[in-house]
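The values are calculated or read from the model by the stated rules, or taken from the named source; none is laboratory data. Predicted model, so just to flag it, every value in this text is computed and none were measured. Glycine also receives a Cβ, built like all others from the backbone with ideal geometry; neighbour counts cover every protein chain displayed. These area figures cover heavy atoms from the full protein model, side chains too; ligands, DNA and RNA do not enter into them. Shrake-Rupley method; radii C 1.70, N 1.55, O 1.52, S 1.80 Å.
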Amino acid sequence: MQITSRDNPTVRRLRRLFTDGKARREERAFALEGARLCEDAALSGVEIRTALYTARAAETYAAQLERVLAVCGEAHEIPEGLAGSLADTAAPQGIFCLCGMLDNREAFDTIGRNPPRRGYLALESMQDPANLGAVVRTAEALGLDGLLLSDGCCDIYNPKVLRGSMGGVFRLPFVFVGEMAEAVRTLQGRGLTCWACVVDGDAVPLPQAGLTPRSVCVIGNEGAGLRQRTAAACARRLTIPMAGRAESLNAAMAAGIVMWEMTRGAVPVE
């Protein structure tokens, strides 16, 4: 069936899910845009409830759309003008999906009780969706056990996070831990070592930290860094040595360097 009206309930719902984090939480649903991202969702086992596509997209992205249509609940063709009004990007490809929220949210209670393989990264109040998307992409690529997110972090289903993660959100376990300092104390009570990542010449230089799979590295807010109580709760402090004159690194870049150090000696995950 073709949908042509901007007032169609499915169209309105998709538009709301693109722009409103509260609506995403209430409906436990999120929206995707783009041939590659929608295909990745389909291949990763995401519940695709509805797909919308243009005739041009059906021709240009036939293989990707076929994989989406094979698993979606319902699908509708839409005109180019309607696709343009829905799009969250400057050059829409004409494929959109309405998806159910993921079940890859690892339970906090399991962390530290099951043997970790490559360790966890924790983010406190990371608010830039581009940064969060980049961190998710890197964490998933390096095979981390999961990502811990405090209160104040950007919505993991924000369209910019989803695009920046390049599908990593669909595969990386993530846990919402609430107040990070309290989560740190709990994890250390289970025998994990939490490292506060700080800009401090007195902290342990990253190459000398000797990170293990039972390490949890905690990265702070883009502007303010870690809260004082969170840094104080961590058993150890580490810093990335810098030879230049920059005072600090971009949060996503710092996280990437830390994650590489966490995993560089790990056995490849099969």
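Yes or no, residue by residue, for (1) under 17 Å from Cys153 (Cα atoms); (2) free of Cβ contacts under 8 Å to residues at least 12 places away in the same chain; (3) open to solvent by 30 Å² or more (accessible area, probe 1.4 Å); (4) not aromatic (Phe, Trp, Tyr):
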| site | (1), (2), (3), (4) |
| --- | --- |
| Leu206 | no, no, no, yes |
| Val216 | no, no, no, yes |
| Cys234 | no, no, no, yes |
| Ile240 | no, no, yes, yes |
| Gly244 | no, yes, yes, yes |
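As a summary of the residue check, Asp200 satisfies the conditions (1) over 24 Å from Cys154 (Cβ atoms); (2) touching a strand residue (DSSP E or B) at 6+ places or on another chain (Cβ under 6 Å); (3) at pLDDT 90 or above except for the one numbered (3). Highlighted here are the helices (runs of 4 or more DSSP H) found entirely within the stretch 1-63 that include at least 3 residues which are basic (Lys, Arg) and surrounded by fewer than 20 Cβ atoms within 10 Å (Cβ to Cβ): 9-19. Name the single residue, out of those in the stretch 85-128 being polar (S, T, N, Q) and closer than 22 Å to Glu182 by Cα, that is surrounded by the most Cβ atoms within 10 Å (Cβ to Cβ). This residue is Ser125.
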